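The values are calculated or read from the model by the stated rules, or taken from the named source; none is laboratory data. Note that this is a predicted model, so its numbers are computed, not measured. With ideal geometry, Cβ positions are generated from the backbone for all residues, glycine too; neighbour counts draw on all protein chains shown.
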Amino acid sequence: PFRKAMDAEALKDARPDRIEPKVQVLLRPDSFTSGTAGSSVITVTEPSHGRATNDVVRFRKMRGFDGFTKAVLEVSGGYTITVTTSDQYTFTVSGESATVGGQRGGGDNATAGPATLES
């Protein structure tokens, strides 16, 4: 009988635990909901987001809605979030507020990710 030769290129610890780098996530269309009229709080729906309260999230490729401009929503420093559920979190915008309230928006191509990523 033939002997089986050992694999000369076997990898030691071939499946180590590792942490994947954070990346931008494409959000569903109009994932943002404004608070009541005059409120600066916006709720983001991102299923199974895995984020924690006090994480900083930067939004990109946004479209303004309900009194919030694209420029304010896409600030380069991002926003500190407060997690409300495993599928939603909120953030507070500076200098602008909802005109109608309870409106969905943000556009079809909005992304959410860490503030440290390049545009």
Limited to region 86-119, what total is found for residues that are within 14 Å of the chain's Cα centre (by Cα) and β-branched (Val, Ile, Thr)?
3
Taking region 74-119 as the region of interest, how many residues are of a type outside the set (D, E, K, R), closer than 16 Å to residue 25 by Cα and surrounded by 12 or more Cβ atoms within 10 Å (Cβ to Cβ)?
16
What pairs come up if the first residue lies in region 60-86 and is among the small types (Gly, Ala, Ser), the second is not in a loop (DSSP other than H, G, I, E, B), and their beta carbons are under 6 Å apart, counting only those six or more places apart or on different chains?
64/70; 78/56; 78/57; 78/58
Failed item, numbered, when residue 57 is tested on (1) touching a residue at least 60 places away in the same chain (Cβ under 8 Å); (2) touching a Gly at 6+ places or on another chain (Cβ under 6 Å):
(1)
Would you confirm whether any residue within region 17-30 is touching a Lys or Arg at 6+ places or on another chain (Cβ under 8 Å), at pLDDT below 95 and polar (S, T, N, Q)?
yes
Please note which strands (runs of 3 or more DSSP E) are completely contained in region 42-119 and include at least 1 residues that are of a type in the set (A, V, I, L, M), within 17 Å of residue 22 (Cβ to Cβ) and in contact with a strand residue (DSSP E or B) (Cβ under 7 Å, 6 or more places away or on another chain).
56-60, 111-114
